[in-house]
1. Leaving out ligands, DNA and RNA, what percent of the accessible area of the range 151-205 is carbon and sulfur, probe 1.4 Å?
2. Going down the list 105/158; 97/158; 105/209, which pairs span over 23 Å between their C-alpha atoms?
3. Quote the FRET efficiency, to the nearest 0.05, computed for residue 124 versus residue 157 with a Förster distance R0 of 35 Å and r equal to the Cβ-Cβ distance.
4. With a cut-off of at most 14 other beta carbons within 10 Å, and DSSP calling the residue loop, which chymotrypsin sites (Phe, Trp or Tyr not before Pro) in the range 35-70 qualify? Please list them.
5. Please compute the length gained on full extension between residue 32 and residue 94, using 0.36 nm multiplied by the number of residues separating them and subtracting their Cα-Cα distance.
6. Using the basic label-point model (7 angstrom from Cα toward the beta carbon), what is the residue 63 to residue 218 distance in nanometres?
7. By per-residue mean of other Cβ atoms within 10 Å, what is the highest-first order of 120-129, 90-99?
8. Report the FRET efficiency, 1/(1 + (r/R0)^6), for residue 87 and residue 141, where r is their Cβ-Cβ distance and R0 is 22 Å, rounded to 0.05.
Amino acid sequence: MTGVPASAAGGSGAKPVRGGKLGTAAVNQASLWNIANILTMVRLLLVPGFVLLLFHDGGYDPVWRSFAWAAFAIAMITDLFDGHLARAYNLVTDFGKIADPIADKAIMGAALVSLSVLGDLPWWITGVILARELGITLMRFWVIRHAVIPASRGGKLKTLAQGTAAGMYVLVLTGPLATLRFWVMMVAVVLTVVTGLDYVRQAVVLRRKGLAAERAAAAERAAEAVEALQAPAGTAVGAGPASGQAAGVVGGVTDVRGADVRSAEVRDADVRGADVRSGAEARDAAEAER
């Protein structure tokens, strides 16, 4: 027993569910140093090795180009495995969501540029694909404050088509296979453009939702601040009825006291009047006796 919670150790603390949907907790708790992320980093390291193998001996040696193709194929295969492992064993992380497409673009960009430099691939194809990839990468960072755009199924299919076509160009092919690889590359270009437009749509929607959520949160905080400022004033105003009741009680007591005083004065006046009348009657009786 280490006494360290599973979440702190980088795991979710529960047995992974194969094929299950990932929640926010699973994404946050997955360790950075998991097998999926390691495969992604290996793919990044294969980029310079692939370029060195491709350009070895002038770049036209079939044997060295076969070695370069092997490095390229390993990089593409790791792309398939790291995504599958991350989804199947709850190893999805924000780092993986960002680093995985960057690794794809790095190996693909290196292959396309190298093939164009060698004269095997038209530069316009390289330009279209790289412009799309660079634009989508920048767009991911544009909306990363609001959400992370994961690689879609269309994006994975595009990557597969690009990898197949680029791999065929890396190998020294002639005849029908050389013609076939051109059409495979055309399919990859079409998928590149279509999925790029879909990513633009997703980014715009996510950014709008994120900005709307931020405005709603700001309005809520402003309303809470106004309520907090109005609370003391409301308490003072709310004390008015109680004060009025107290004043009424005091007034009632005053009225009672006033009535008592007036009653006492009336009684005193009656007594004095009675005394005066009694004195007058006594004098009248004395005079009558005389």
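1. 78
2. In this structure, 105/209 lie more than 23 Å apart at Cα.
3. Plugging the Cβ-Cβ distance into 1/(1 + (r/R0)^6) gives 0.95.
4. 60
5. Computed gain between residue 32 and residue 94 is 21.4 nm.
6. It works out to 6.6 nm between the two label points.
7. Per-residue Cβ counts within 10 Å, averaged per peptide and sorted highest first, yield 90-99, 120-129.
8. 0.40
The values are calculated or read from the model by the stated rules, or taken from the named source; none is laboratory data. Computed from a predicted model, the values in this text were never measured in an experiment. Backbone-built Cβ (ideal geometry, glycine too); neighbour counts: all protein chains shown. Surface areas here come from the heavy atoms of the whole protein model, side chains and all, with no ligands, DNA or RNA. Shrake-Rupley method; radii C 1.70, N 1.55, O 1.52, S 1.80 Å.
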